[in-house]
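Structure first, then comments.
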Amino acid sequence: MITDAGKNKTADLLIGTNGFGHIAVGDGGDDTSTSQNTLDHEIFRKAADSKQVVGNTIVYTVTFTGAELLSNVISEMGVFDASTGGNMLSRVNFKSIGPLASSETLSFTFRVVIP
């Protein structure tokens, strides 16, 4: 058993100085796997606009522009601990979005719950 305080502290540690703070999007769609450490096909990665701990949940926000996504359709997103390579904390698949015009933006709120 992990206590509530332990879960909250774990969430704090995950986003600390060298923690998970980059969000990547891609156009892959394979099933997710706990052994996976990359997106199926990464298109773009950037630092999260914000990251905060709310109880035992890490809440990330990020906004991508159409210019960053280069007219691609996206269908997967992951949280990483580096601007390139690194380790992946979490990955989700979703119904394809896009393509966006270069002047359009797409914002996400990504929540990771520490069970």
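The values are calculated or read from the model by the stated rules, or taken from the named source; none is laboratory data. Predicted model only: the values in this text are computed from it and were never measured. We place every Cβ from the backbone using ideal geometry, glycine too, and count neighbours over all the protein chains shown.
Residue 23 passes every criterion in (1) outside any strand (DSSP E or B); (2) under 17 Å from residue 84 (Cβ atoms); (3) out of contact with any Asp or Glu (no Cβ under 6 Å at 6 or more places or on another chain) apart from (1). Looking only at region 57-67, decide whether some residue is assigned to a loop (DSSP other than H, G, I, E, B) and out of contact with any Gly (no Cβ under 6 Å at 6 or more places or on another chain). There is no residue in region 57-67 that is assigned to a loop (DSSP other than H, G, I, E, B) and out of contact with any Gly (no Cβ under 6 Å at 6 or more places or on another chain). Given the criteria farther than 18 Å from residue 112 by Cβ and either surrounded by fewer than 16 Cβ atoms within 10 Å (Cβ to Cβ) or touching a Gly at 6+ places or on another chain (Cβ under 7 Å) (or both), does residue 30 qualify? Yes, satisfied.
Within region 41-56, being β-branched (Val, Ile, Thr) and either part of a helix (DSSP H, G or I) or within 20 Å of residue 112 (Cα to Cα) (or both) holds for 53, 54. Within region 1-25, residues that are more than 29 Å from residue 105 (Cα to Cα) have Cβ atoms under 9 Å from residues that are assigned to a helix (DSSP H, G or I) and of a type outside the set (Asp, Glu) in these pairs: 2/10, counting only partners at least 6 apart in sequence or on another chain. Taking the criterion of being in contact (Cβ under 8 Å) with a residue 24 or more places away in the chain and either loosely packed, with under 14 Cβ neighbours inside 10 Å or among the charged types (D, E, K, R) (or both), the residues of region 94-115 that qualify are 96, 101, 102, 103, 104, 105, 107, 109, 111, 113, 115.
Under the condition of being of a type outside the set (A, V, I, L, M) and in a loop (DSSP other than H, G, I, E, B), which residue from region 68-94 is nearest to residue 111 (Cα to Cα)? Break it down stepwise before answering.
Looking only at region 68-94, we keep the residues that are of a type outside the set (A, V, I, L, M), and these are 68, 71-72, 75-76, 78, 80-81, 83-87, 90-91, 93-94.
Filter once more, keeping what is in a loop (DSSP other than H, G, I, E, B): 71-72, 81, 83-87.
Values: 71: 26, 72: 24, 81: 16, 83: 19, 84: 21, 85: 21, 86: 20, 87: 17 Å.
Among those residues, the one meeting the criterion is 81.
Looking at 81, 49, 40, which is the one that is surrounded by fewer than 18 Cβ atoms within 10 Å (Cβ to Cβ), within 20 Å of residue 11 (Cα to Cα) and modelled with pLDDT of 95 or more?
Values: 81 fails: modelled with pLDDT of 95 or more; 40 fails: within 20 Å of residue 11 (Cα to Cα).
So the residue among 81, 49, 40 that is surrounded by fewer than 18 Cβ atoms within 10 Å (Cβ to Cβ), within 20 Å of residue 11 (Cα to Cα) and modelled with pLDDT of 95 or more is 49.
The single condition among (1) at pLDDT 95 or above; (2) buried (at least 17 other Cβ atoms within 10 Å of the Cβ); (3) closer than 19 Å to residue 113 by Cβ that residue 75 does not satisfy is (3).
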